[in-house]
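Student: Here's a structure for you.
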Amino acid sequence: MNEKILVFDTTLRDGEQSPGASMTSSEKLEVARALRRLKVDIIEAGFPIASPDDLAAVQTIAREVGIAKDPGQFIPSICGLARCAQKDIDAAWEGVRDADQPRIHVFLAASPIHMKYKLRMEPEEVLRRTAEMVAYASSKCKNIEFSPEDASRAEPEFLYKMLDIAIQNGATTLNIPDTVGYATPQEYGELIRMIRENTPGIEKCVISTHVHDDLGLAVANTLAGVLNGARQVEVTINGIGERAGNAALEEVVMALQTRQKYFNLTTGIETTHIARVSQMVSNFTGFKIPPNKAIVGGNAFAHESGIHQDGVLKNAMTYEIMKPEDVGVRQSNLVLGKHSGRHALSQRLKDMGYNLSEKDLNTLFARFKELADKKKNITDNDLDALVSSDISQSHAYYQLDGLQVTCGTIGMPTASVRLVCPDGVVRTHACIGTGPIDASYKAIDALVQIPSTLKEFAIHAITEGIDAVGEVSVRVESQVNENDSQIETEKTVLVSGYGADDDILVASVKSYLSALNRLMDATHIFEKKEHHV
Ligand code: KIV
Ligand code: ZN
């Protein structure tokens with residue numbers, strides 16, 4: 001019987017920490033639901049001390065995703081991150097306490113360079129703080145994970161002592177971060193083996209990997225870790241995370257599954273959900289998946305050369321080491337059309353794992369009918385895009401109420417945009433531009449009045465065919481002044497936006513608006529604006 005590897009997903013914490021990857025609370029909740037469908041064992045839902053919004057998002061996930069509604073339902077553990085400080089641990093506990101299986105993850109730097117320059121603490125003081133804070137966290141929650149940050153650059157003897165102290169004070173999982181992505185697979189595997197052999201009491205705990213991809217070694221290091229006794233892997237969807245990112249969930253899981261005879265290990269992941277959750281995270285964060293990305297890239301299962309195509313047609317295993325269906329690519333979807341009713345749509349969404357409120361279902365049904373009038377077959381991918389787009393537009397300060405565009409070879413591209421503004425008033429503005437999108441965005445800028453720069457614009461058709469639904473992702477940047485301890489500093493904030501519609505101009509406008517709404521959240525412009533009114 002293969003031993004089980006626990007999958008700890010940190011897309012909503014380490015992943016969301018990467019610049020420009022921030023998600024709204026509704027998007028985080030939808031990703032958490034998708035992670036539950038994927039059957040990850042632990043969801044790190046956020047860093048609750050970071051802001052009241054982060055705390056609220058973790059609480060919502062704990063209550064909506066971390067509590068069993070039916071007997072026998074699969075429920076992941078919900079985890080909140082905390083530095084080794086009482087206020088952090090209190091916030092993390094507030095975030096996760098309502099979940100059926102709460103976990104607190106505390107961390108403290110372990111390498112000489114981090115202790116000296118970042119913490120400005122002596123090693124003895126670091127050990128004392130570890131003891132006090134792990135004990136404090138375990139007085140609240142019995143499931144405690146401890147991470148000695150920058151472990152791969154720590155002194156081994158100091159590391160064993162720190163881990164021993166964490167175990168004595170109640171840690172149940174010991175996570176070994178390669179925080180700066182510096183280790184090679186051999187070194188990281190060796191580190192896990194040495195920790196296993198030199199830390200008293202380690203057999204009572206689960207050892208976990210947490211590695212960054214600065215040298216492109218994150219997945220290799222994770223696998224080296226499990227070969228040396230780690231039984232939990234910390235990963236993110238599409239490998240998003242600080243700087244070059246974390247180890248990609250889909251790559252680690254599919255390596256373990258495809259090479260099961262080699263690893264003799266298994267995970268509980270429902271791999272057929274991988275492609276959908278990967279697409280959802282890409283839509284919400286605006287981080288596009290490169291075509292050559294392993295497992296989830298557009299070309300991961302595409303065969304261009306004649307020799308390969310010929311081989312695959314004769315026997316798929318000639319050039320394919322796993323089946324696209326295993327990760328949810330090219331699944332035969334039940335197709336809906338214009339004669340499908342509200343019940344059929346609702347049933348399909350339930351089967352896909354969505355649990356929409358009556359109000360959201362009504363809105364989606366109206367959009368589905370509009371789309372079905374224009375497009376013959378509506379697939380799961382179309383439905384995923386409509387739901388994601390609705391989630392990205394929800395709780396918006398500014399909402400699209402109408403768009404009219406004139407463009408072509410004669411005359412000047414002109415757009416009239418009508419928005420519902422935060423004060424409830426509907427306002428309209430018209431602009432000309434170099435093209436229809438430029439004109440629409442100028443009209444929105446005139447109404448919203450947030451100084452910002454469009455950094456990226458990408459358009460993509462979801463399914464094949466001329467009637468495909470189009471999705472648009474944008475990235476928008478703004479400079480904001482921050483007043484921290486009386487010192488005024490300028491900060492660059494980068495946000496993404498997403499919109500999908502069968503009309504690509506409508507999708508473009510929705511995407512831009514969702515980015516501006518998110519910018520207002522990220523920079524608290526709305527509160528500032530309100531004070532000025
Ligand atoms: O990379 C890191 O060290 C972390 C810790 C908080 C676990 O993300
Ligand atoms: Zn990390």
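The values are calculated or read from the model by the stated rules, or taken from the named source; none is laboratory data. As the structure is a computational prediction, the values presented were derived from the model and not from experiment. Note: ideal-geometry Cβ built from the backbone for every residue, glycine included; neighbour counts use all protein chains shown.
Student: Tell me the strands (runs of 3 or more DSSP E) entirely within segment 398-445 that contain at least 1 residues that are within 19 Å of Ala507 (Cβ to Cβ) and polar (S, T, N, Q).
Tutor: 399-406, 414-420
Student: Give Tyr182, Tyr262 a once-over and let me know the one that is of a type in the set (Phe, Trp, Tyr) and within 25 Å of Thr11 (Cβ to Cβ).
Tutor: Tyr182
Student: Going through segment 372-385 one residue at a time, which ones are of a type in the set (A, V, I, L, M, F, W, C) and surrounded by 21 or more Cβ atoms within 10 Å (Cβ to Cβ)?
Tutor: If the condition is that a residue be of a type in the set (A, V, I, L, M, F, W, C) and surrounded by 21 or more Cβ atoms within 10 Å (Cβ to Cβ), then Ile378, Leu383, Ala385 are the ones that fit.
Student: Ok, one more. Please state which one of Met280, Met317 is within 30 Å of Ser473 (Cβ to Cβ) and part of a helix (DSSP H, G or I).
Tutor: Going through Met280, Met317 in turn, just one is within 30 Å of Ser473 (Cβ to Cβ) and part of a helix (DSSP H, G or I): Met280.
Student: Go through (1) in a helix (DSSP H, G or I); (2) crowded, with 21+ Cβ neighbours inside 10 Å; (3) in contact with a Pro (Cβ under 6 Å, 6 or more places away or on another chain) one by one and return the number of the condition Ser147 breaks.
Tutor: The number of the failed condition is (1).
Student: On the basis of being more than 21 Å from Trp93 (Cβ to Cβ), within 16 Å of ligand 2 (Cβ to nearest atom) and charged (D, E, K, R), does Asp178 make the cut?
Tutor: Criteria met by Asp178.
Student: Residues of segment 224-249 being assigned to a strand (DSSP E or B) and away from ligand 2 (no atom under 12 Å from the Cβ), which ones?
Tutor: Gln232, Val233, Ala248
Student: Kindly provide the set of residues from segment 110-139 that are touching a Leu at 6+ places or on another chain (Cβ under 8 Å) and more than 12 Å from ligand 1 (Cβ to nearest atom), ordered by number.
Tutor: Passing the criteria: Leu119, Val126, Arg129, Thr130, Met133.
Student: Does Ser138 satisfy the criteria of being out of contact with any helix residue (DSSP H, G or I) (no Cβ under 9 Å at 6 or more places or on another chain) and within 27 Å of Ala85 (Cα to Cα)?
Tutor: It is true that Ser138 is out of contact with any helix residue (DSSP H, G or I) (no Cβ under 9 Å at 6 or more places or on another chain) and within 27 Å of Ala85 (Cα to Cα).
Student: Based on this model, can you work out whether Ile195 counts as within 17 Å of Asn228 (Cβ to Cβ), assigned to a helix (DSSP H, G or I) and at pLDDT 95 or above?
Tutor: yes
Student: Would you please name the residue that is surrounded by the fewest Cβ atoms within 10 Å (Cβ to Cβ), looking only at residues in segment 80-109 that are within 11 Å of ligand 1 (Cβ to nearest atom) and under 22 Å from the mean Cα position of the chain (by Cα)?
Tutor: Per the criteria, the residue is Arg83.
Student: Only one of these conditions is not met by Asn221: (1) polar (S, T, N, Q); (2) in contact (Cβ under 8 Å) with a residue 60 or more places away in the chain; (3) within 16 Å of ligand 2 (Cβ to nearest atom). Which number is it?
Tutor: Asn221 satisfies all of (1) polar (S, T, N, Q); (2) in contact (Cβ under 8 Å) with a residue 60 or more places away in the chain; (3) within 16 Å of ligand 2 (Cβ to nearest atom) except (2).
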